[in-house]
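The values are calculated or read from the model by the stated rules, or taken from the named source; none is laboratory data. None of these values were measured; they are calculated from a predicted model. Reconstructed Cβ throughout: ideal geometry from the backbone, glycine too, with neighbour counts over all protein chains shown. Heads up: the accessible areas ignore ligands, DNA and RNA and are worked out on the full protein's heavy atoms, side chains in. Shrake-Rupley method; radii C 1.70, N 1.55, O 1.52, S 1.80 Å.
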Amino acid sequence: MQPNDSILDYLYYPDIINALKNDILIQEVTIKIKDSIYTCYISKVDLGTTLLFVDVTAAKRAEKMRSEFFSNVSHELKTPMTSIRGYSDLLAQGLVKDENQQKEMLLKIQNEVNNMSELINDILLLSRIESMDVEVDMMPMKMKSLVDEVLESYEVEILEHDITIHKDFDDMVYIGNHQQIYTLLNNVIGNAIKYNKEHGHVYINIEEQGQAMKVVVRDTGIGIPLADQSRVFERFYRVDKGRSKARGGTGLGLAIVKHTVSLYKGTIRLNSELDKGTTIEMTLPQQTLKQA
Ligand code: ADP
């Protein structure tokens with residue numbers, strides 16, 4: 001820059017040029033340069049003008065994700081609310097005389113309420129995992145009993161769809177947070193059952209690998225199309241919304257799994273073939289004993 005040059009020669013962003021031309025002493029302009037977003041703080045001082053560029057890309061991105069998340073949550077809650085309002089209005093007005101029909105509507109209301117509370121639980125869980133500063137208990141847990149506990153909660157689905165579960169693992173002890181590891185297994189094993197075919201199989205393999213635990217869950221289910229494989233870990237992303245909802249899915253399961261794995265500094269890999277099945281492989285380092 002030469003002594004007599006004007007800063008205007010160097011800046012061709014219209015918002016900044018306009019800000020420099022007016023008489024306001026302190027201004028703030030946000031501009032996008034390539035893939036980055038900058039806030040430019042402009043101050044007119046005695047000797048001239050100062051421009052301070054601050055890269056706000058990460059903050060803006062986080063803000064966008066937050067607002068997308070809230071709009072998704074509102075959308076997810078609106079659907080069951082509309083249906084609850086509809087049925088309860090009909091029932092309250094005494095418009096449905098048939099007792100069986102009344103009962104059916106009450107069951108639908110109950111179902112929607114259950115879905116909503118599942119969704120709220122998942123949202124709270126996700127936000128708790130994301131604010132990593134939250135202190136949680138790290139305790140030793142017997143993996144075999146934990147898997148049995150998870151499988152028990154899917155007893156009905158396993159029977160209904162005649163799914164065979166194959167368990168192959170050492171009775172190892174893992175140090176982690178009980179609720180987080182339970183939820184992680186519940187989501188991965190639950191998906192292997194929910195997105196399986198009639199008479200399908202689920203293989204659960206857990207083994208100790210040095211200072212870590214390797215968990216592999218494989219199913220012979222419907223599989224995930226290649227194009228969707230990288231997106232299933234996003235919040236609210238579902239390949240088949242109808243099937244997910246019908247099976248009580250919130251679309252948050254794998255997002256919770258991914259966050260938990262990263263909180264534990266582990267790794268996760270997904271392998272899937274459409275119509276053949278899916279394998280999820282996770283490695284979770286042992287955590288250190290800690291009581292909150
Ligand atoms: P959901 O609550 O819908 O199950 P998830 O986050 O757990 O949400 O999974 C996201 C989507 O990924 C599911 O809706 C489903 O379409 C797909 N998916 C997850 N696991 C499997 C699996 N084992 N087999 C086939 N599709 C799966």
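A compact table of results
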| item | result |
| --- | --- |
| Selection status of LYS44, open to solvent by 70 Å² or more (accessible area, probe 1.4 Å) and either touching a strand residue (DSSP E or B) at 6+ places or on another chain (Cβ under 6 Å) or at negative phi (or both) | no |
| Among (1) within 12 Å of the ligand (Cβ to nearest atom); (2) closer than 24 Å to GLN286 by Cβ, the one test that ALA212 misses | (1) |
| Hits in region 189-227 - residues which are among the β-branched types (Val, Ile, Thr) and open to solvent by 10 Å² or more (accessible area, probe 1.4 Å) | VAL216, THR220, ILE222, ILE224 |
| Residues satisfying the stated conditions in region 49-74, i.e. open to solvent by less than 80 Å² (accessible area, probe 1.4 Å), in a strand (DSSP E or B) and in contact (Cβ under 8 Å) with a residue 12 or more places away in the chain | THR49, LEU51, VAL54 |
| Meets criteria (of a type outside the set (Gly, Ala, Ser) and under 24 Å from PHE69 (Cα atoms)) for ASP228 | yes |
| Residue within region 222-233 that is over 19 Å from the mean Cα position of the chain (by Cα), of a type in the set (Gly, Ala, Ser) and under 30 Å from PRO140 (Cβ atoms) present | no |
| Output for region 238-251, where each listed residue is within 6 Å of the ligand (Cβ to nearest atom) and either at pLDDT 85 or above or surrounded by fewer than 17 Cβ atoms within 10 Å (Cβ to Cβ) (or both) | ARG238, VAL239, ASP240, THR250, GLY251 |
| Residue list for region 75-114, restricted to those being outside any loop (DSSP other than H, G, I, E, B) and among the acidic types (Asp, Glu) | GLU76, ASP89, GLU99, GLU104, GLU112 |
| Residues within region 139-154 that are in a helix (DSSP H, G or I) and touching a Leu at 6+ places or on another chain (Cβ under 8 Å), tallied | 3 |
| Residues being of a type outside the set (Ser, Thr, Tyr) and assigned to a loop (DSSP other than H, G, I, E, B) - total across region 231-261 | 14 |
| Verdict on SER88 being polar (S, T, N, Q), surrounded by 12 or more Cβ atoms within 10 Å (Cβ to Cβ) and touching an Asp or Glu at 6+ places or on another chain (Cβ under 9 Å) | no |
| Lone qualifier among GLU281, GLU207, GLU234, GLU273 - being farther than 26 Å from GLU160 by Cβ, of a type in the set (Asp, Glu) and within 12 Å of the ligand (Cβ to nearest atom) | GLU234 |
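Yes/no per residue for (1) under 24 Å from GLU208 (Cβ atoms); (2) free of Cβ contacts under 8 Å to residues at least 24 places away in the same chain:
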position: ALA227; (1), (2): no, yes
position: PHE233; (1), (2): no, no
position: ARG238; (1), (2): no, yes
position: LYS241; (1), (2): no, yes
position: LEU263; (1), (2): yes, no
position: LEU270; (1), (2): yes, no
position: ILE280; (1), (2): yes, no
position: THR283; (1), (2): yes, no
